[in-house]
Amino acid sequence: MYKIVKRDQIADNIFEYWINAPHVTKNGCAGQFVVIRIDEHGERIPLTISGIRGDDVRIVFMAVGKTTQQLAALQEGESIQDIAGPLGTPSEVKKWGRCAVIGGGVGIACLPILARELREAGNEVTGIIGARNEGLLLLEDELRNACDELVICTDDGSKGHHGFPADILKEKVAAKELDAVWIIGPAIMMKITSMATLNTGIKTFVSLNPIMVDGTGMCGSCRVTIGGETKFACVDGPEFDAHQVDWDELMNRQRTYTGQEKESLEHYHEHKCRCGDH
Amino acid sequence: MNRRPVEERLRDFNEVATGLSKESAVLEAKRCMGCPKPLCVDGCPVSIDIPGFINAIAEEDFRKASRIVKADNMLPAICGRVCPQEAQCQGTCILGKKGKPVRIGDLERFVADWERENGVEAPETAPTTGKHVAIVGSGPAGITAASECLRAGHEVTIFESLHEAGGVLTYGIPAFRMPKGIVKFEIDQVLALGAELKLNHIVGRSVAVDELLAYDAVFIGTGAGLPYFMGIEGENYGGVYSANEFLTRVNLMHADKFPEYDTPIIRGSRVAVVGGGNVAMDSARVARRLGAKVYLIYRRREDDLPARAEEIENAVQEGVEFVCCANPTKILGGPEVQGIECNRMDMCELDESGRPIPRPCTGVDSTFTLDVDVVIEAIGQGPNPLLAGLIPDLKRGRRGNIEVDEDGRTSIPHVFAGGDIATGAATVIWAMGSAKKAAASINKMLSEN
Ligand SMILES: Cc1cc2nc3c(=O)[nH]c(=O)nc-3n(C[C@H](O)[C@H](O)[C@H](O)COP(=O)(O)OP(=O)(O)OC[C@H]3O[C@@H](n4cnc5c(N)ncnc54)[C@H](O)[C@@H]3O)c2cc1C
Ligand SMILES: Cc1cc2nc3c(=O)[nH]c(=O)nc-3n(C[C@H](O)[C@H](O)[C@H](O)COP(=O)(O)OP(=O)(O)OC[C@H]3O[C@@H](n4cnc5c(N)ncnc54)[C@H](O)[C@@H]3O)c2cc1C
Ligand code: SF4
Ligand code: FES
């Protein structure tokens, strides 16, 4: 059992948990993820490592479906059954020169640890974050501290630049200010944003989020097509060269269980009502 | 072996084969002639004293029978269920030359089940040595190596990346062949000898390579967990599974009980399973239990199917439709599976192993399609590359398996390996046999320094 040592709600429907898991924190770094299972009946779901402090690992998640809603209902001091990790290949942190780390929605949570590692490696780092509205922006202060510069965008103009991170990225690319870029967020956001660096020679990484089961390269559920080749996101990735990704295939595969996910959530809420607790 | 009726077993995941009664076990045991040069023992990869334990059953001393089996095999209830006895001990039994061989597998299972119900006797262990052995992977290889090292008095830590121990026994082989409670029971017996089991620990990630190499000895038993895909069009449509994924969703994650359990699976109304080995039979039979009409597509003839005869028979009884001499060329649909296109195959000359080489037919009627909504690929697995790929000095074979000598030694002096990661996908008992050899080398090495 692994204890939730700290729990906070940090934006609309977005939660920040610190979980005690020394086996994960010991060797975990930016770009890697964990797989958690809440209890005996639970599903294994992947969540990015968004911070490490001593023996505690931070995860930040949006309560979207059954498992993340159930997780959000847990309190500080309670425990989850399993957390495996760190999984995946670490981000390619080296001296690139000028880097941009770009986050959309809950993907923003992956940026502080990455920005810090990049700066420690001698890079100049610009953070660009975007959300639908001000209420969905997260970890702003932490990220401001971790970056040399931070640009905020909201789709509705409630804060910062009225528009998308892609707009800012295009300006930076035009001004020849970048050597490497990370884009982390929903697939459609990563697809569109990465167009800005197409044919510019700027190395562009995205962190793919296909459906996973084991997270250790054993099932093939997470397979993605990269430059025409099949790769397993859980071991070969999850970060890949943005311009080689077959985005449509990824998005189609993500929709495989839409019906069941709805059913699972309904079953959860029904059950919750009948028992009177979670 | 007696089996439950088909209509009944298709409704659940309970065990298909029912064990021998005490009376029939004793009767069967009395058929053994106690050969002075027992061929059966030569056929057993871990050389169990077969006539010895059978004789004890004939004398109705089941405790003694159990002691004899467990001297060489700590997982008898597992082996009694899934070993291909017809090709091993039973295949060489002298009585099989003219009539029927002794049902050695069923007798082994009987002894193990008897012990489980009548109290287990822990084997003796040597005094502690203070040496510490790391075991990577908790499949049959890892568990066997652990038990041998524990018995020699070493401290043992087993690392397992999943949330349950057992490897393929837990996530791969379905409960109707290998009940999960029995797997857990036998593994717990080994753990009770004092091993520390660390679940959710991926060696190479949670435990770095230099931390691993700091142990006095290391045994790697990470298995053949990398699924192969055919590389045909449409393979990444929703509804195309590797057998590993399909079986893991059901066996480890209980997707058959969705939404009581959270992990979903596409059950499919018409399912195509590609392949002809045990893994394909398991997938087909699971798909039948999830309610689908199932086609099993195999590129050679029915006679060439590599699966165990008993499992083919079970699949036939359970209504799996065999489509032989056919090879898939394309998965139709997008983004969901709507069908599978196959090429008929001709059997021409034989290869070195005496099996016919399948070649695609040409001309009219050489292709056909099946309407299916789920495709499961059971065409083989490769060695799990994660850890082996991270250890620079570890010598590996062409397909990525870890190279070992006869004693399970790798190219690094205190690192040993066994099971599928060394041999390529094989069987439970071969994994155990190679792990025993490696453990013997470990114990020898640790007693010398
Ligand atoms: C490497 C990786 C890192 C991730 N990091 C984060 C993170 O830091 N924070 C965060 O909020 N989310 C993250 N996700 C996505 C997260 O795993 C899913 O949101 C989660 O599984 C949803 O589960 P649910 O039961 O609450 O929702 P569901 O109702 O099951 O699904 C909602 C959506 O999540 C996706 N999803 C469902 N199951 C899985 C699965 N097993 N694996 C991947 N995606 C799935 C599907 O696209 C689905 O549309 C990550 C995914 C991957 C692959
Ligand atoms: C569906 C199916 C049916 C089969 N049916 C039969 C049968 O009827 N009879 C038979 O004899 N054989 C059968 N086999 C084959 C048999 O199961 C295998 O040969 C045997 O399990 C190999 O044992 P192993 O210990 O080498 O590997 P595995 O059983 O694969 O165990 C390896 C373990 O190592 C873990 N691991 C991997 N990498 C790491 C890491 N880096 N860190 C920590 N842990 C790690 C894995 O999670 C796994 O638990 C079947 C196989 C399958 C897939
Ligand atoms: S070969 Fe057959 S008859 Fe002879 S000892 Fe072995 S099991 Fe008995
Ligand atoms: S999640 Fe199973 S192989 Fe990647």
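Could you tell me whether any residue of the range B:133-146 is more than 16 Å from ligand 1 (Cβ to nearest atom), in a loop (DSSP other than H, G, I, E, B) and either basic (Lys, Arg) or more than 14 Å from chain A (Cβ to nearest Cβ) (or both)? Write out each step before concluding.
Initial filter on the range B:133-146 (more than 16 Å from ligand 1 (Cβ to nearest atom)): B:133-146.
With in a loop (DSSP other than H, G, I, E, B) added as a condition, the list becomes B:137-139.
Narrowing further to those that are either basic (Lys, Arg) or more than 14 Å from chain A (Cβ to nearest Cβ) (or both): none.
Checked against the condition, which is being more than 16 Å from ligand 1 (Cβ to nearest atom), in a loop (DSSP other than H, G, I, E, B) and either basic (Lys, Arg) or more than 14 Å from chain A (Cβ to nearest Cβ) (or both), the range B:133-146 yields no hits at all.
Hey, does the range A:191-198 have a residue that's free of Cβ contacts under 8 Å to residues at least 40 places away in the same chain, at negative phi, in contact with a Lys or Arg (Cβ under 8 Å, 6 or more places away or on another chain) and surrounded by 20 or more Cβ atoms within 10 Å (Cβ to Cβ)?
From the range A:191-198, those free of Cβ contacts under 8 Å to residues at least 40 places away in the same chain are A:192, A:195-196; that's our starting set.
Filter once more, keeping what is at negative phi: A:192, A:195-196.
With the extra rule that they be in contact with a Lys or Arg (Cβ under 8 Å, 6 or more places away or on another chain), the set shrinks to A:196.
Checking which are surrounded by 20 or more Cβ atoms within 10 Å (Cβ to Cβ) leaves us with A:196.
Among the residues of the range A:191-198, at least one is free of Cβ contacts under 8 Å to residues at least 40 places away in the same chain, at negative phi, in contact with a Lys or Arg (Cβ under 8 Å, 6 or more places away or on another chain) and surrounded by 20 or more Cβ atoms within 10 Å (Cβ to Cβ), which makes the answer yes.
Somewhere in the range B:326-336, is a residue at pLDDT below 90, assigned to a loop (DSSP other than H, G, I, E, B), within 14 Å of another protein chain (Cβ to nearest Cβ) and more than 16 Å from ligand 2 (Cβ to nearest atom)? First the steps, then the outcome.
So in the range B:326-336, the residues at pLDDT below 90 come out as B:334.
Filter once more, so that each one left must be assigned to a loop (DSSP other than H, G, I, E, B): B:334.
Cutting the leftovers down to within 14 Å of another protein chain (Cβ to nearest Cβ) gives us B:334.
This time we only want the ones that are more than 16 Å from ligand 2 (Cβ to nearest atom), so: B:334.
Yes; the residues of the range B:326-336 include at least one that is at pLDDT below 90, assigned to a loop (DSSP other than H, G, I, E, B), within 14 Å of another protein chain (Cβ to nearest Cβ) and more than 16 Å from ligand 2 (Cβ to nearest atom).
Identify, by number, the condition in (1) in contact with a Leu (Cβ under 9 Å, 6 or more places away or on another chain); (2) aromatic (Phe, Trp, Tyr); (3) under 29 Å from residue B:164 (Cα atoms) that residue B:53 doesn't meet.
(3)
Go through the range A:153-190 and report how many residues are touching a helix residue (DSSP H, G or I) at 6+ places or on another chain (Cβ under 7 Å) and closer than 23 Å to residue A:118 by Cα.
14
Collect the residues in the range A:202-215 that are surrounded by 23 or more Cβ atoms within 10 Å (Cβ to Cβ), within 12 Å of another protein chain (Cβ to nearest Cβ) and of a type outside the set (A, V, I, L, M), keeping them in residue-number order.
The answer is A:214, A:215.
Considering only the range A:249-263, state which residues are more than 8 Å from chain B (Cβ to nearest Cβ) and of a type outside the set (D, E, K, R). Even if it seems obvious, please write down each step before you answer.
Keep residues of the range A:249-263 that are more than 8 Å from chain B (Cβ to nearest Cβ), which gives A:250-251, A:254, A:258-259, A:262.
If the condition is that a residue be more than 8 Å from chain B (Cβ to nearest Cβ) and of a type outside the set (D, E, K, R), then A:250, A:251, A:254, A:258, A:259 are the ones that fit.
Conditions: (1) within 15 Å of ligand 3 (Cβ to nearest atom); (2) touching a residue at least 40 places away in the same chain (Cβ under 8 Å); (3) under 24 Å from residue B:187 (Cβ atoms). Residue B:68 meets all but one. Number of the miss?
So the condition that residue B:68 fails would be (2).
Restricting the first residue to the range B:39-63 and requiring it to be touching a residue at least 12 places away in the same chain (Cβ under 8 Å), which pairs with a second residue that is of a type in the set (Lys, Arg) and crowded, with 18+ Cβ neighbours inside 10 Å meet a Cβ separation below 8 Å and a spacing of at least six or different chains?
Close Cβ pairs satisfying both conditions: B:46/B:436.
Based on what the data block shows, is residue B:184 in contact with an Asp or Glu (Cβ under 9 Å, 6 or more places away or on another chain), within 14 Å of chain A (Cβ to nearest Cβ) and more than 10 Å from ligand 2 (Cβ to nearest atom)?
Values: in contact with an Asp or Glu (Cβ under 9 Å, 6 or more places away or on another chain): yes; within 14 Å of chain A (Cβ to nearest Cβ): yes; more than 10 Å from ligand 2 (Cβ to nearest atom): yes.
In short, yes.
Check A:208, A:265 and return the single one that is among the aliphatic types (A, V, I, L, M) and in contact (Cβ under 8 Å) with a residue 60 or more places away in the chain. So that I can check it myself, show each step before the final result.
On the way: A:208 fails: in contact (Cβ under 8 Å) with a residue 60 or more places away in the chain.
Being among the aliphatic types (A, V, I, L, M) and in contact (Cβ under 8 Å) with a residue 60 or more places away in the chain holds for just one of A:208, A:265, which is A:265.
Looking at (1) more than 14 Å from every other protein chain (Cβ to nearest Cβ); (2) of a type in the set (A, V, I, L, M); (3) crowded, with 20+ Cβ neighbours inside 10 Å, can you tell me which one residue A:72 breaks?
Of the numbered conditions (1) more than 14 Å from every other protein chain (Cβ to nearest Cβ); (2) of a type in the set (A, V, I, L, M); (3) crowded, with 20+ Cβ neighbours inside 10 Å, the odd one out for residue A:72 is (3).
Among (1) away from ligand 4 (no atom under 16 Å from the Cβ); (2) of a type in the set (Asp, Glu); (3) modelled with pLDDT of 95 or more, where does residue B:160 come up short?
Residue B:160 satisfies all of (1) away from ligand 4 (no atom under 16 Å from the Cβ); (2) of a type in the set (Asp, Glu); (3) modelled with pLDDT of 95 or more except (1).
Could you tell me whether the range A:236-248 includes any residue that is more than 12 Å from ligand 4 (Cβ to nearest atom), part of a helix (DSSP H, G or I) and facing chain B (nearest Cβ under 8 Å)?
Within the range A:236-248, the subset more than 12 Å from ligand 4 (Cβ to nearest atom) is A:239-248.
Remaining after also requiring part of a helix (DSSP H, G or I): A:242-244, A:247-248.
Going one step further and asking which of them are facing chain B (nearest Cβ under 8 Å), we end up with none.
No; the residues of the range A:236-248 include none that is more than 12 Å from ligand 4 (Cβ to nearest atom), part of a helix (DSSP H, G or I) and facing chain B (nearest Cβ under 8 Å).
In the range B:249-275, what residues are buried (at least 24 other Cβ atoms within 10 Å of the Cβ) and more than 12 Å from chain A (Cβ to nearest Cβ)?
B:271, B:272, B:273, B:274, B:275, listed by residue number.
Restricting to the range A:50-86, name every residue that is touching a helix residue (DSSP H, G or I) at 6+ places or on another chain (Cβ under 6 Å) and either farther than 25 Å from residue A:211 by Cα or within 16 Å of ligand 2 (Cβ to nearest atom) (or both). Give the derivation first.
Step one: list which residues in the range A:50-86 are touching a helix residue (DSSP H, G or I) at 6+ places or on another chain (Cβ under 6 Å), which gives A:50-52, A:55, A:57, A:60-63, A:65-66, A:85-86.
A:55, A:85, A:86, listed by residue number.
Grab the helices (runs of 4 or more DSSP H) fully contained in the range B:364-449, keeping just those with 1 or more residues being within 11 Å of ligand 2 (Cβ to nearest atom) and away from chain A (no Cβ under 14 Å).
Working: elements: B:385-388, B:420-423, B:428-448.
Qualifying helices (runs of 4 or more DSSP H): B:420-423, B:428-448.
Could you go through the range B:402-409 and let me know if any residue there is crowded, with 19+ Cβ neighbours inside 10 Å, at pLDDT 85 or above and more than 22 Å from the chain's Cα centre (by Cα). Even if it seems obvious, please write down each step before you answer.
Within the range B:402-409, the subset crowded, with 19+ Cβ neighbours inside 10 Å is B:402, B:404, B:408-409.
If we keep only those that are at pLDDT 85 or above too, we end up with B:402, B:404, B:408-409.
Okay, now just the ones that are also more than 22 Å from the chain's Cα centre (by Cα), so B:409.
Scanning the range B:402-409, I find at least one residue that is crowded, with 19+ Cβ neighbours inside 10 Å, at pLDDT 85 or above and more than 22 Å from the chain's Cα centre (by Cα), so the answer is yes.
Considering the range B:62-109 alone, what residues qualify as being β-branched (Val, Ile, Thr) and touching a Leu at 6+ places or on another chain (Cβ under 7 Å)? Give the steps one after another, and end with the answer.
Of the range B:62-109, the ones β-branched (Val, Ile, Thr) are B:68-69, B:78, B:82, B:92, B:94, B:102, B:104.
Those that are β-branched (Val, Ile, Thr) and touching a Leu at 6+ places or on another chain (Cβ under 7 Å): B:78, B:92, B:94, B:102.
Somewhere in the range A:12-33, is a residue more than 23 Å from residue A:191 (Cβ to Cβ), away from ligand 2 (no atom under 16 Å from the Cβ), away from chain B (no Cβ under 11 Å) and small (Gly, Ala, Ser)?
No; the residues of the range A:12-33 include none that is more than 23 Å from residue A:191 (Cβ to Cβ), away from ligand 2 (no atom under 16 Å from the Cβ), away from chain B (no Cβ under 11 Å) and small (Gly, Ala, Ser).
List the number of the failed condition for residue B:367; all other conditions in (1) touching a residue at least 12 places away in the same chain (Cβ under 8 Å); (2) not assigned by TED's automatic domain parsing to the domain that holds residue B:325 hold.
Evaluating residue B:367 over (1) touching a residue at least 12 places away in the same chain (Cβ under 8 Å); (2) not assigned by TED's automatic domain parsing to the domain that holds residue B:325 leaves (2) as the failure.
Where residues in the range B:198-248 are over 17 Å from the mean Cα position of the chain (by Cα) and in a helix (DSSP H, G or I), which of them is farthest from the other protein chains (Cβ to nearest Cβ)?
B:213
The values are calculated or read from the model by the stated rules, or taken from the named source; none is laboratory data. All figures in this text were calculated on a predicted structure; none of them were measured in a lab. All Cβ positions, even for glycine, are placed from backbone atoms using ideal geometry, and neighbour counts span all protein chains on display.
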